[in-house]
Amino acid sequence: MTEKQYIQPEGIFDGSALGFTQVVTSPPGTLVFVSGQVPWDINRQLVGDTDLAAQTEQVLKNLDLALKGAGASVSDVTMIHVFFVDYKPDYAAIVIPILNKFFGGKPPASTWLGVQTLANPHLRIEIEAIAVVGRDS
């Protein structure tokens with residue numbers, strides 16, 4: 001039986017104290033599961049205050065760092081789940097352009113979910129991802 005790898009990428013806060021791992025890969029390293037990324041810096045300080053666009057940018061910065069920590073890249077992402085606190089349809093106009101820029105116009109499959117709250121009352125968005133590495137392009 002092969003073992004999973006638990007990765008704490010540089011530049012992202014350590015989630016172990018909060019009961020999760022930032023990135024888990026499944027040997028032979030083809031599947032990468034990235035925990036929900038939030039708009040915190042490495043010191044668990046909120047970035048973006050209440051600004052959804054600024055929070056989204058930080059979330060994607062953290063996602064990029066997490067992917068790199070697993071030897072993956074943005075182009076390897078196949079699925080994202082986006083969680084919004086008190087989702088409103090006009091959030092799409094804010095977030096879609098940011099996602100399109102991040103994914104280079106080739107967005108992965110996605111599911112958007114409106115939730116009542118996230119782990120911290122100041123968080124407005126969280127994104128988790130699944131990536132596939134080592135596949136034929």
* Asked: For the chain, what relative contact order do you get, as a whole percent, if you take Cα pairs closer than 8 Å and at least 6 residues apart?
  -> 31 percent
* Antiparallel %, DSSP beta bridges [both residues in the range 5-132], to 5 -> 75 percent
* Asked: Can you list the residues, at least 5 places off or on another chain, whose amide H is less than 5 Å from the amide H of L31, using H built in the peptide plane?
  -> S26, V133
* **Helix-derived mean residue ellipticity, 222 nm - over the chain, DSSP H n ≥ 4, -39500 (n - 2.57), to 500** => -7000 deg cm²/dmol
* Structure fact -> Sorted by chain and number, the residues with a modelled amide H under 5 Å from that of G114, at a separation of 5 or more or across chains, are F84
* Peptides ranked, highest mean first, by Cβ atoms within 10 Å: ranges 30-43, 88-101, 68-81 -> 30-43, 68-81, 88-101
* Structure fact -> If the chain between I94 and D51 were fully extended at 0.36 nm per residue, the gain over the current Cα-Cα distance would be 14.5 nm
* Structure fact -> Note, the range 110-119: 3J(HN,Hα) by Karplus (6.51, -1.76, 1.60, θ = phi - 60°), whole Hz, Gly/Pro = x, goes 8, 10, 10, 10, x, 10, 5, 7, 10, 5
* Structure fact -> Under 5 Å from the placed amide H of V23, counting only residues 5+ away or on other chains, we find I7, S35
* Arrange the following residues from fewest to most other Cβ atoms within 10 Å of their Cβ: R124, R44. => R44, R124
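Bear in mind that the values in this text are calculations on the coordinates, not laboratory data. Remember, predicted model here, so these are calculated numbers, not experimental data. Every residue, glycine as well, gets a Cβ built from its backbone with ideal geometry; the counts of neighbours run over all protein chains shown.
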